[in-house]
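Each reported figure results from applying straightforward, stated rules to the coordinates on display, with no laboratory input. Since the model is a prediction, treat every value here as computed from it, not as a measurement. Here the Cβ positions follow ideal geometry from the backbone for every residue, glycine too, while neighbour counts run over all protein chains shown.
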Amino acid sequence: MGPVIGPLIIAGVLVDEEKAKALEEVGVRDSKKLSPRRREALAPKIKDAVVRCSYAELQPAEIDRYVLSKRRLRKLNFLEARAMAMVIEDLRPNVAYVDASDVSAERFGKQIQEFLSFDVEVVSEHGADDKYPVVSAASVLAKVRRDEAVSRLSEKFGGLGSGYSGDPKTIRFLRSWVRSHPSYPWFVRTSWATARRIMDEVR
């Protein structure tokens, strides 16, 4: 959820309960604790160990629309719950484990269920990507796909860095862009505080 540049990627993996151990054996962990190179190495092993994987991709314009909306429900948590529901709908599991974005994990799980057309147990917990190998695996795939998207953007528009607000390369790119353009490019989340601050400083 944190990057100021690039899409928000939700990934899910479908595994047979009896074969879930295979994910532990390939060494999946919370993607935030792994280097990009390690995540890339794990991705094909994860895909080999699962029945199927699914993705939902949210572009910055859609994210900005929800973040800037005055309606209470139209916030990023709502958007992410809907995207997770899309992935769950596609995979059709008996039980879905999700990493809760809302401060209330229970509320987040219920919000996901409201979008689903079939009955499924949704286990919504904070830190699920560190607790359940199936969620760790999904987080790795999501990060790898996002890194690939940012890499393609860098090839076309110049070095963007990782796209995160804490990355000096990303900040340099944003500063340089607003000095020579009237607005941010389509792949920047303009509603993010970092993007607004840089625009104010440069202008």
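Quick notes
- Net charge of the neighbourhood of E18, taken over other residues with C-beta under 15 Å away and scored Lys/Arg +1, Asp/Glu -1, is -2.
- Cα-projected label distance for W186 with A41, points at 7 Å along beta-carbon direction, nm: 3.7
- Distance from the C-alpha centroid of the stretch 162-202 to that of the stretch 14-58: 32 Å, rounded to the whole angstrom.
- Compared with the dominant Cα axis of the chain, that is its longest principal axis, helix 105-115 is turned about 90°.
- Taking the C-alpha atoms only, the angle from helix 76-91 to the longest principal axis of the chain is near 40 degrees.
- Placed amide H near I5: partners under 5 Å, 5+ positions off or other chain: R189
- Distance (nanometres) between label positions extended 7 Å along Cα→Cβ at R172 and A61: 3.0
- Near E148: Cβ cut-off under 12 Å, other residues only, Lys/Arg at +1 and Asp/Glu at -1. The net charge is +1.
- Cα-based helix-to-principal-axis angle, 133-157 vs the chain, degrees rounded to 10: 30
- Other residues whose C-beta falls under 10 angstrom from the C-beta of T190 contribute a net charge of +1, scoring Lys and Arg +1 and Asp and Glu -1.
- Taking amide hydrogens as placed 1.01 Å from N in the peptide plane, the amide H of A96 sits under 5 Å from those of E121, V122, V123, each at least 5 positions away in sequence or on another chain.
- Here the contact order of the chain, divided by its residue count and restricted to Cα pairs under 8 Å and six or more residues apart, works out to 30 percent.
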